[in-house]
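Accompanying notes for the structure given below.
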Amino acid sequence: ESDAGDYTCVCGDKQSTASLAVHALPVLFKEELKNEEVLEGASVSLRCELTKAAPVQWKIGSKVLKASDKYQMRQPGTTAELVIHDLEVKDA
């Protein structure tokens, strides 16, 4: 999208100008989350990969998760990762 704009070709005192519009592709899941089974007290890493870098939001049910000692969120490039520490049965 940052390449959109007016481009001009100049030759001496003559010029030609055209506008370029760039339509963004939708963000899709290239690799979706996978089901996990983990023992109580352990940690788990949930990962998904997007077709391009975009902000994500992690939820459990309708509750939005915030970064804390329990929940660690990382997003290097197009991979979104949620690490849940010290798992409890209620985290299922």
Does Ser19 fit the bill of being under 21 Å from Arg74 (Cα atoms), among the hydroxyl-bearing types (Ser, Thr, Tyr) and not in a loop (DSSP other than H, G, I, E, B)? no
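Looking at the range 72-81, can you tell me whether even one residue there is open to solvent by 100 Å² or more (accessible area, probe 1.4 Å) and either in a loop (DSSP other than H, G, I, E, B) or of a type in the set (Gly, Ala, Ser) (or both)? I'd like the intermediate steps shown before the answer.
From the range 72-81, those open to solvent by 100 Å² or more (accessible area, probe 1.4 Å) are 74; that's our starting set.
Keeping just the survivors that are either in a loop (DSSP other than H, G, I, E, B) or of a type in the set (Gly, Ala, Ser) (or both) gives none.
Within the range 72-81 (the criterion being open to solvent by 100 Å² or more (accessible area, probe 1.4 Å) and either in a loop (DSSP other than H, G, I, E, B) or of a type in the set (Gly, Ala, Ser) (or both)), the answer is no, since none of the residues qualifies.
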Any residue in the range 82-90 that is open to solvent by 60 Å² or more (accessible area, probe 1.4 Å) and part of a strand (DSSP E or B)? no
Restricting attention to the range 13-70, which residues are of a type in the set (Phe, Trp, Tyr) and open to solvent by 70 Å² or more (accessible area, probe 1.4 Å)? Phe29
Please indicate, with yes or no, whether at least one residue in the range 71-88 is modelled with pLDDT under 95 and within 27 Å of Glu1 (Cα to Cα). yes
So, of the residues in the range 48-70 that are part of a loop (DSSP other than H, G, I, E, B) and of a type in the set (Val, Ile, Thr), which turns out to be nearest to Asp86 (Cα to Cα)? Val56
When both residues are 6+ apart or on different chains and their Cβ atoms are under 7 Å apart, which pairs have a first residue that lies in the range 22-47 and is closer than 22 Å to Pro76 by Cα and in a loop (DSSP other than H, G, I, E, B), and a second that is open to solvent by less than 100 Å² (accessible area, probe 1.4 Å) and of a type in the set (Gly, Ala, Ser)? Val27/Ala54
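The values are calculated or read from the model by the stated rules, or taken from the named source; none is laboratory data. These figures come from a predicted structure and were not determined experimentally. Cβ atoms come from the backbone with ideal geometry, glycine included; neighbour counts cover every protein chain shown. Side chains are part of the model used for accessible areas, which takes the heavy atoms of the whole protein and leaves out ligands, DNA and RNA. Shrake-Rupley method; radii C 1.70, N 1.55, O 1.52, S 1.80 Å.
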